[in-house]
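Step one of this worksheet: look at the structure below.
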Amino acid sequence: MISDEQLDAYRISGERIRVVRDALPSNDIRGIVLAWDESQVMIRRPNKHVVKLDRNYLFQPVKEPRPDNI
């Protein structure tokens, strides 16, 4: 699970992140962190839609390569 400190750093910087949900790259969510609670994170996608995702997914900056072993 991603820490509150890391989520806060992403929120403050406005850095675009990737949320890896499964082995298919097409299912990744990209956007910026808006808010979070104990179990979920709100991400604003480039099309301005907001999605709530579980905190147990892998969160990483978009500029980092996607891991292959998911």
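Each residue in region 55-70 was checked for being of a type in the set (A, V, I, L, M, F, W, C), under 12 Å from the mean Cα position of the chain (by Cα) and part of a loop (DSSP other than H, G, I, E, B), and 1 pass.
Within the option set I17, I70, being at pLDDT 95 or above and among the aliphatic types (A, V, I, L, M) holds for one residue only, I17. Any residue that is assigned to a loop (DSSP other than H, G, I, E, B), loosely packed, with under 12 Cβ neighbours inside 10 Å and of a type in the set (S, T, N, Q) - is there at least one of those in region 32-54? Yes: region 32-54 contains one or more residues that are assigned to a loop (DSSP other than H, G, I, E, B), loosely packed, with under 12 Cβ neighbours inside 10 Å and of a type in the set (S, T, N, Q). Residue count for region 31-62, restricted to those that are more than 20 Å from M1 (Cβ to Cβ) and free of Cβ contacts under 8 Å to residues at least 40 places away in the same chain: 7.
Looking across region 5-42, the residues that are of a type in the set (A, V, I, L, M) and touching a Phe, Trp or Tyr at 6+ places or on another chain (Cβ under 9 Å) come down to L7, I17, V19, V20, I29, I32, V33, V41, M42. Filter region 1-10 for residues that are touching a residue at least 24 places away in the same chain (Cβ under 8 Å), surrounded by fewer than 16 Cβ atoms within 10 Å (Cβ to Cβ) and under 17 Å from K63 (Cα atoms) and give the result. Selection gives Q6 alone.
Which of the numbered conditions does D22 fail, given that it passes all the others? Conditions: (1) in a loop (DSSP other than H, G, I, E, B); (2) surrounded by 12 or more Cβ atoms within 10 Å (Cβ to Cβ). Condition not satisfied by D22: (2). When the criteria are applied in full, A23 meets the requirement of being in contact (Cβ under 8 Å) with a residue 12 or more places away in the chain, among the small types (G, A, S) and out of contact with any strand residue (DSSP E or B) (no Cβ under 7 Å at 6 or more places or on another chain).
Across region 1-19, the qualifying residues are those that are outside any loop (DSSP other than H, G, I, E, B) and of a type in the set (A, V, I, L, M), and the one among them that is nearest to N69 (Cα to Cα) is V19.
The values are calculated or read from the model by the stated rules, or taken from the named source; none is laboratory data. Quick caveat: nothing in here was measured; it's all calculated off a predicted structure. Here Cβ is always computed from backbone atoms with ideal geometry, including for glycine, and neighbour counts include all displayed protein chains.
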